[in-house]
Amino acid sequence: MKTLKQLLGSHPRQPLAVSPDDSVYVALKLMAEHNIGAVLVMTDDHLEGIFSERDYARKVILHDRSSKETLIREIMTEKVLCARLEQTITEAMTMMTEKHIRHLPVVDGENKLVGIISIGDLVKETIAEQAFLIRQLEQYIAS
């Protein structure tokens, strides 16, 4: 099973981030431009939190707040679960399933942010791995 280091290495992706002092509108615009469901909330190189579509739906829309007037710091998820580069795709998928999250920042051994993965990334990689295994087994049976 591949590790997150291998997954991120084959799909390099600079994590998109906003400041805690940005408006929700700024974050939503960034997410729409990049067709993503979450952005990290950072001050310089420090991870402060994460803001997702779920945060928007539950903490802005349902409370009749304005996305242009509400700051990210007011509604972001502050306790961010992170994965480590050496963890496997299965371990990361298990973490995400158990915690009901769809986005997972990945840190190195020094707790430095190196990327972010989504549940979609993990499912896509799992399907590709299974398809490869099936092809290998079919070739073995045919020979």
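Scanning the stretch 75-92 for residues that are of a type in the set (Lys, Arg) and either part of a strand (DSSP E or B) or more than 20 Å from Ser23 (Cα to Cα) (or both) yields a total of 1.
With the requirement that a residue be among the charged types (D, E, K, R) and either in contact (Cβ under 8 Å) with a residue 40 or more places away in the chain or on the phi > 0 side of the Ramachandran plot (or both), what does the stretch 35-53 give you?
Of all residues in the stretch 35-53, those among the charged types (D, E, K, R) come to 44-45, 48, 53.
Selection gives Asp44, Asp45.
Screening the stretch 88-101 for residues that are surrounded by fewer than 18 Cβ atoms within 10 Å (Cβ to Cβ), touching a residue at least 12 places away in the same chain (Cβ under 8 Å) and touching a strand residue (DSSP E or B) at 6+ places or on another chain (Cβ under 8 Å) and picking the one that is farthest from Lys2 (Cα to Cα) gives Met95. Residue-level analysis places Ala83 among those that are closer than 12 Å to Ile117 by Cα, of a type outside the set (S, T, N, Q) and crowded, with 19+ Cβ neighbours inside 10 Å. All told, Leu28 falls short of being out of contact with any Leu (no Cβ under 6 Å at 6 or more places or on another chain), among the aliphatic types (A, V, I, L, M) and assigned to a loop (DSSP other than H, G, I, E, B).
Condition first: without any contact (Cβ under 8 Å) to a residue 40 or more places away in the chain, surrounded by 14 or more Cβ atoms within 10 Å (Cβ to Cβ) and touching a Gly at 6+ places or on another chain (Cβ under 6 Å). Now tell me which residues in the stretch 54-79 satisfy that. Matches in the stretch 54-79: Thr77 only. When the residues of the stretch 33-48 are filtered to those that are outside any strand (DSSP E or B) and charged (D, E, K, R), the one that is modelled with the lowest pLDDT is Asp45. If you go through the stretch 38-53 and keep only what is out of contact with any Pro (no Cβ under 8 Å at 6 or more places or on another chain) and surrounded by fewer than 16 Cβ atoms within 10 Å (Cβ to Cβ), you end up with Asp44, Asp45, His46, Glu53. Residues that are over 20 Å from Leu16 (Cα atoms), modelled with pLDDT under 95, outside any helix (DSSP H, G or I) and hydroxyl-bearing (Ser, Thr, Tyr) do occur in the stretch 134-143. Among the residues of the stretch 28-47, those identified as over 17 Å from Leu81 (Cα atoms) and in contact with a helix residue (DSSP H, G or I) (Cβ under 9 Å, 6 or more places away or on another chain) are Leu28, Met31, Ile36.
When you look at Gly109, is it more than 14 Å from Lys2 (Cα to Cα) and either in contact with a Phe, Trp or Tyr (Cβ under 7 Å, 6 or more places away or on another chain) or surrounded by 13 or more Cβ atoms within 10 Å (Cβ to Cβ) (or both), yes or no? Lay out the reasoning, then the answer.
Working: more than 14 Å from Lys2 (Cα to Cα): yes; either in contact with a Phe, Trp or Tyr (Cβ under 7 Å, 6 or more places away or on another chain) or surrounded by 13 or more Cβ atoms within 10 Å (Cβ to Cβ) (or both): no.
No, not satisfied.
The values are calculated or read from the model by the stated rules, or taken from the named source; none is laboratory data. What you see is a predicted model; the values in this text were computed from it and never measured. Every residue, glycine among them, receives a Cβ derived from its backbone with ideal geometry; neighbour counts consider all protein chains shown.
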